[in-house]
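The values are calculated or read from the model by the stated rules, or taken from the named source; none is laboratory data. Here the structure is a predicted model, which is why all the values come from computation and not from measurement. FYI the Cβ positions are ideal-geometry reconstructions off the backbone, even for glycines, and counts take in every protein chain you see. Remember, those area values only see protein heavy atoms, side chains included, never the ligands or the DNA or RNA. Shrake-Rupley method; radii C 1.70, N 1.55, O 1.52, S 1.80 Å.
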Amino acid sequence: MVKKWTKVVAAVAMLAMLFVVAACGSGTKKEAAKSDAPKADKKIVLGFSQVGAESEWRTANTESIKAAAKEAGIELKFSDAQQKQENQIKAIRSFIQQKVDVIAFSPVVETGWDDVLKEAKAAKIPVILTDRAIKMSSGNAEDYYVTFMGSDFVEEGKRAAKWLVDYMKKDNEPVNVVELQGTVGSAPAIDRKKGFEEVLKDHPNYKIIKSQTGDFTRAKGKEVMEAFLKSAQAEGQKIDVLFAHNDDMAIGAIQAIEEAGLKPGKDIVIVSIDGVKGAFEAMIAGKLNCTVECSPLLGPQLMEAAKDLMTGKQLPKRILTKEGVFPAEVAAKELPNRKY
Ligand code: GZL
């Protein structure tokens, strides 16, 4: 009888032990899930420093980023620098103090970021460059950002010049070009000029007779085009072509050309860059001849990159946006498809 009870007690003890182990086991599993839960549920906080609101392109870029952050469930801390580098540096420092998960920005100019990017690196906060690139005076710039997503501005300048030479069909007579440059020191202004001039090297009858910054704005574009027209008249020079680094400056220049009694798109051929709706409307009105696309719709790519970073995924150093060239003859058909 005693033997039988001993067996029963041993079996009960064994069962109890198995139960305890199973409970701990599942407890461990639950703890593991619990310890993972905060990461899985934690809302990503992204600090974004925007250049400003200087053009239709920039407005569309900001809208794309804000909409994509909402869609992705990412908490966006957004700062508008009003085209001042010191405001962008201040914003990035504030994001570091707030210990955001990711910092992203569109650098208003290429240089002057060394200190603040070293501070972000020291704080172990990953940085994503959108739209424009940077150059560092010391060290390798690529060590200070995870990825740069945006257009190839040199290629955009080349596309503008290639379209122009093909459109003008003037290989032996002089073609006088005036150029409205973007913000001084900015990657798009430096590189679009570089690409445009690279193509014109093979067409020496094309001469850039005047070139000045219009700071990517309509108002400045109009003001500088007025000055170009006045000085060309005083010097007895004919302006055949305007190359504008963005559509907003071209649209401002169109007003100046009309006020001078000339026909934009006819007396002066105009090629610009961005592909904003305003450019398509000007082409339909016969006042602009071509716009080279530069897409501002970087929001979804940026949010995907931020999420990938948080899950430890490797990102390519360069994410290139795909773009086209839109001459006036396709403007009416294309306008309904435009998203910015
Ligand atoms: C280009 C972007 C430029 C646009 C302008 O990617 O940085 O800045 O071409 C904008 O319209 O102001």
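How do the pairs read when you match residues in the stretch 316-340 that are over 30 Å from residue 144 (Cα atoms) with residues anywhere that are open to solvent by 60 Å² or more (accessible area, probe 1.4 Å), using Cβ under 6 Å and keeping only pairs 6 or more apart or on different chains?
Close Cβ pairs satisfying both conditions: 325/159; 331/284; 332/284; 338/277.
Can you pull out the residues in the stretch 275-314 that are within 22 Å of residue 226 (Cα to Cα) and touching a residue at least 60 places away in the same chain (Cβ under 8 Å)?
The answer is 278, 289, 290.
Could you look through the stretch 155-187, keep only residues that are closer than 21 Å to residue 266 by Cα and among the small types (Gly, Ala, Ser), and pick out the one that is nearest to the ligand (Cβ to nearest atom)?
Step by step, filter the stretch 155-187, then rank; the result is 160.
Looking at the stretch 41-53, I want the residues that are within 25 Å of residue 133 (Cβ to Cβ) and have a partner that is among the small types (Gly, Ala, Ser) and within 16 Å of the ligand (Cβ to nearest atom) with Cβ atoms under 7 Å, at least 6 apart or on another chain. Which pairs are those?
Taking only residues 6 or more apart or on different chains, the pairs are 46/104; 48/104; 49/81; 50/81; 50/106; 51/81; 51/106; 52/81.
Tell me, please, whether a residue that is touching a residue at least 40 places away in the same chain (Cβ under 8 Å), within 16 Å of the ligand (Cβ to nearest atom) and aliphatic (A, V, I, L, M) can be found in the stretch 95-104.
yes
When the stretch 149-187 is examined, which residues are found to be part of a helix (DSSP H, G or I) and buried (at least 22 other Cβ atoms within 10 Å of the Cβ)?
153, 156, 157, 159, 160, 161, 164, 187, listed by residue number.
Within the stretch 188-200, track down each residue that is open to solvent by 40 Å² or more (accessible area, probe 1.4 Å) and within 16 Å of the ligand (Cβ to nearest atom).
Step one: of the stretch 188-200, the residues open to solvent by 40 Å² or more (accessible area, probe 1.4 Å) are 190, 193-194, 197-198.
The answer is 190, 193, 194.
Mind listing just one residue for me: the one in the stretch 300-315 that is small (Gly, Ala, Ser) and in contact with a strand residue (DSSP E or B) (Cβ under 9 Å, 6 or more places away or on another chain) and, of those, surrounded by the fewest Cβ atoms within 10 Å (Cβ to Cβ)?
Filtering first and then ranking leaves 305.
Mind listing just one residue for me: the one in the stretch 114-130 that is open to solvent by less than 10 Å² (accessible area, probe 1.4 Å) and in contact with a strand residue (DSSP E or B) (Cβ under 9 Å, 6 or more places away or on another chain) and, of those, nearest to residue 64 (Cα to Cα)?
Per the criteria, the residue is 130.
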